[in-house]
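The block underneath contains the structure these notes are about, expressed in structure tokens.
The values are calculated or read from the model by the stated rules, or taken from the named source; none is laboratory data. Computed from a predicted structure; not experimentally measured. Every residue, glycine among them, receives a Cβ derived from its backbone with ideal geometry; neighbour counts consider all protein chains shown. Side chains included, ligands, DNA and RNA excluded: accessible areas come from the protein's heavy atoms. Shrake-Rupley method; radii C 1.70, N 1.55, O 1.52, S 1.80 Å.
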Amino acid sequence: MSTLADRTIATLRVDRDDLADRVRQFTAPDLDQTSGASEWDVAQVLGHLGSGAEIGLEGLRRALAGEGHARADFNQGVWDRWNSMTQRQKADGFLESSDLLLSTYESMDAQTRASVRFDLGFLPAPADLGVLTGMRLNEALLHAWDVRVAFDPAATIPGDLAAVLLEQFSGPISFFFNFLGKPASLNGREFTLRVNTSDPNKSLGLNFTNSVCILDAPESGDELLSIPTGALLRLISGRMSPEHTPAGVQLTSSRLTLDDLRAVFPGI
């Protein structure tokens, strides 16, 4: 039976290979283009994905060897090296390191996938593969969109890929809302927003109190957000500005606007 970690690894492969096909065709001006992450150009986004894959691979190697997390300065050393690369080196490095990380995931048998644990250093207990791959999928899907939207303002996150990340947000990486959600911007307003997604169709609830979390969809209520699944993920990550809001997004509420939601999810 397929696990969420299995489905996440498969989704990572689809997303990575689609982006890699584009990257191989990029010219120097393409790599200099401003990305959807406005402070980074396309090459910087690819460098971030590539360095993240290298760090992830080291964490996976250490977990399989039972060695615990890497020394405190390891990540900074990787980032410094990638930051010093040329634009083309960042793109080519992304192609190599992202494939190596995924190939390593894919080579793990079912027993290893179920038993391996990762000391991430910031969680109260070692994480399983579902958490680790979910964290990588969040980074990969959103930064792939950052690259695509640099050349297509109407770029989307494909619904079948987005559905897996939404499942991750509802489970293994639900703690991400501690970083993504800023409900203080609502000035004390508390409620549960019903969300009906399309592509694929799903109903859920977003609960806003002193924190934000995903719940089962409320049966009734005045607040309703209808939105494609990929756009919902972009909203949560601070990537649904008015110019990148699909026409099909509709919010019905007497207490809330899309700008309110954008303020709750400013991005990090």
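Going by the alpha-carbon gyration tensor, a ≥ b ≥ c the square roots of its eigenvalues, is the stretch 1-114 rounded (a/c under 1.5) or, if a/c is not under 1.5, prolate (a/b greater than b/c) versus oblate? It is oblate, given that a/c is not under 1.5 and a/b is not larger than b/c.
Whats the longest run of the chain with zero chymotrypsin sites (Phe, Trp or Tyr not before Pro) that are DSSP loop and have at most 13 other Cβ atoms within 10 Å? Spell out each step's value before the answer.
On the way: sites that count: PHE122, PHE151.
Excluding the exposed sites themselves, the longest stretch runs over 1-121.
Extension gain for the segment PHE175 to ASP17, taken as residue separation times 0.36 nm less the Cα-Cα distance, is 54.1 nm to one decimal. Just the protein heavy atoms count here, and of the accessible area of the chain at 1.4 Å, carbon and sulfur take up 51 percent.
DSSP loop (so not H, G, I, E, B), at most 13 other Cβ within 10 Å: list which GluC sites (Glu not before Pro) in the stretch 177-268 pass both filters. If you can, show how the numbers build up before the last one.
Values: sites: GLU190, GLU219, GLU223, GLU243; in loops: GLU190, GLU219, GLU223.
Listed in order of number, the matching sites are GLU190, GLU219.
Is the shape of the stretch 163-268 best called rounded, prolate or oblate, per the rule: a/c under 1.5 gives rounded, else a/b larger than b/c gives prolate, else oblate, with a ≥ b ≥ c the square roots of the Cα gyration tensor eigenvalues?
On the way: a/c = 1.11, a/b = 1.05, b/c = 1.06.
Verdict is rounded for the stretch 163-268.
The loop-placed trypsin sites (Lys or Arg not before Pro) in the stretch 55-84, going by DSSP, that have at most 10 neighbouring Cβ atoms within 10 Å of their Cβ come out as ARG71.
As a test, work out the antiparallel percent of DSSP beta bridges whose residues both lie in the chain, rounded to the nearest 5. Don't skip to the end; give the middle numbers.
Numbers: 16 of 21 bridges.
Bridges in the chain that DSSP calls antiparallel: roughly 75 percent.
With both residues required to sit in the stretch 131-268, DSSP beta bridges show an antiparallel share near 75%. Ligands, DNA and RNA are left out, and with a 1.4 angstrom probe the accessible area of the chain is 48 Å² per residue. MET108 contributes an accessible area of around 20 Å² to the protein surface, as traced by a 1.4 Å probe with all chains present.
Karplus-derived 3J(HN,Hα) values for the stretch 214-226, using 6.51 cos²θ - 1.76 cosθ + 1.60 with θ = phi - 60°, are 8, 10, 4, 5, x, 6, 8, x, 8, 9, 9, 10, 10 Hz; glycine and proline are entered as x. Centre-to-centre, using Cα atoms only, the stretch 15-75 and the stretch 114-159 are separated by 11 Å.
Do any trypsin sites (Lys or Arg not before Pro) in the stretch 188-258 lie in a DSSP loop with no more than 14 other beta carbon atoms within 10 Å, and if so, which? Write down the numbers at each step before the final one.
On the way: sites: ARG189, ARG194, LYS202, ARG234, ARG239, ARG255; in loops: ARG189, ARG239, ARG255.
Sites meeting the loop and neighbour criteria: ARG189, ARG255.
Is the shape of the stretch 61-216 best called rounded, prolate or oblate, per the rule: a/c under 1.5 gives rounded, else a/b larger than b/c gives prolate, else oblate, with a ≥ b ≥ c the square roots of the Cα gyration tensor eigenvalues? Because a/c hits 1.5 or more and a/b exceeds b/c, the stretch 61-216 counts as prolate.
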